[in-house]
1. Only one of these conditions is not met by I82: (1) buried (at least 19 other Cβ atoms within 10 Å of the Cβ); (2) in contact with a Cys (Cβ under 8 Å, 6 or more places away or on another chain); (3) closer than 21 Å to Q178 by Cβ. Which number is it?
2. Does A9 satisfy the condition of being among the small types (G, A, S), more than 19 Å from A262 (Cα to Cα) and open to solvent by 20 Å² or more (accessible area, probe 1.4 Å)?
3. Considering only the range 12-53, how many residues are touching a Pro at 6+ places or on another chain (Cβ under 8 Å), open to solvent by 70 Å² or more (accessible area, probe 1.4 Å) and modelled with pLDDT under 85?
4. Count, please, the residues in the range 256-289 that happen to be in contact with a Leu (Cβ under 6 Å, 6 or more places away or on another chain) and free of Cβ contacts under 8 Å to residues at least 60 places away in the same chain.
Amino acid sequence: ACRDCPSGAYCWGGNNMGPESGYWRSSEKSSSMLRCLNPDACLGVLPYQSDHPQGVCNTADGYSGRLCASCLDDYSQTAKNICSPCPNPIANSFRLLAIFALAVIFMVILVRSTLKSAQRKKSLFGVYLKIFANYLQLAILAASFDLNWPNEVLRLFEFQSQVGSVSEQLFSVDCFMQGDGALPIIYQKLILVVLLPVTIVVVTAVLWAVIKVLIPGTRQIFDKFVATCLILIFLAHPNIVKSSFSLFSCRDLGEGELYLNADYGIECWTDDHKNWAFKVALPSLILWG
């Protein structure tokens, strides 16, 4: 029996069909055409050519893998599913150091204003700064959930993601994590994020110990140490939760196969994935979430 050509597919007689530009399918046996996260990444298949029944990825711009949502080596992915060439390693290192320095300056200002506001009345600068930082974190976290947001909210999220992706276009942490035999980048990032609170406590303890030695008259060192840890962990908390939850968010790409939304190169619920999900991500959510 003949059937209508599926949405998003080219059909050229018999059982011959393939995805249109902007679509992908899991195998030549599947009649379900999946919309690509980035339509420009999927070139589809030309009619009467069955060499690539799943569709062709735009490898010239660095796209590959399932849904053409992965990046080739020497490319890194931004928050909007766009692959960009990795910057020059030396320039990337300097840019990363510059961004790190700016982040440190921001955190010093935030901690200093918070500590000072605790000692005097009607000091609102630290409060406003924390409210603004918390808003940005929650907005980014909310945008990561696949919900039916109103169009106005989606446009706001899109604007914020474009602003947030500026730093990713200037430098890329992913480019430092690539290499033959390396762990998938999502697992490397998870390790860094899970260890972040411990790192904050250790570094903060060292800094306040140095301040106590260099400035003997400094008072309430322990109280300031605790306050600094709480402020910095508060800033890191949304990223910790988001990274941990990402290992439990999977999508069916057809034929009953589930893959991580954060990395379609990783199949869900394999032994390796379950080890990372239940031995690293879940304890992180229980401990820090």
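1. Against the list (1) buried (at least 19 other Cβ atoms within 10 Å of the Cβ); (2) in contact with a Cys (Cβ under 8 Å, 6 or more places away or on another chain); (3) closer than 21 Å to Q178 by Cβ, I82 comes up short only on (2).
2. Values: among the small types (G, A, S): yes; more than 19 Å from A262 (Cα to Cα): yes; open to solvent by 20 Å² or more (accessible area, probe 1.4 Å): no.
In short, no.
3. So the answer is 1.
4. Residues flagged as in contact with a Leu (Cβ under 6 Å, 6 or more places away or on another chain) and free of Cβ contacts under 8 Å to residues at least 60 places away in the same chain within the range 256-289 amount to 2.
Yes/no matrix, rows are residues, columns are (1) closer than 20 Å to L115 by Cβ; (2) surrounded by 17 or more Cβ atoms within 10 Å (Cβ to Cβ); (3) modelled with pLDDT of 90 or more:
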residue: Q188; (1), (2), (3): no, no, yes
residue: L195; (1), (2), (3): no, no, yes
residue: D223; (1), (2), (3): yes, no, no
residue: I266; (1), (2), (3): no, yes, yes
residue: D272; (1), (2), (3): no, no, yes
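For every residue, the table says whether it meets (1) part of a loop (DSSP other than H, G, I, E, B); (2) touching a residue at least 60 places away in the same chain (Cβ under 8 Å); (3) among the small types (G, A, S).
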{"site": "S7", "(1), (2), (3)": "yes, no, yes"}
{"site": "S21", "(1), (2), (3)": "yes, no, yes"}
{"site": "S31", "(1), (2), (3)": "yes, no, yes"}
{"site": "A60", "(1), (2), (3)": "no, no, yes"}
{"site": "D73", "(1), (2), (3)": "yes, yes, no"}
{"site": "F94", "(1), (2), (3)": "no, no, no"}
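The values are calculated or read from the model by the stated rules, or taken from the named source; none is laboratory data. Note that this is a predicted model, so its numbers are computed, not measured. Every residue, glycine among them, receives a Cβ derived from its backbone with ideal geometry; neighbour counts consider all protein chains shown. These accessible areas exclude ligands, DNA and RNA; they are computed on the full protein's heavy atoms, side chains included. Shrake-Rupley method; radii C 1.70, N 1.55, O 1.52, S 1.80 Å.
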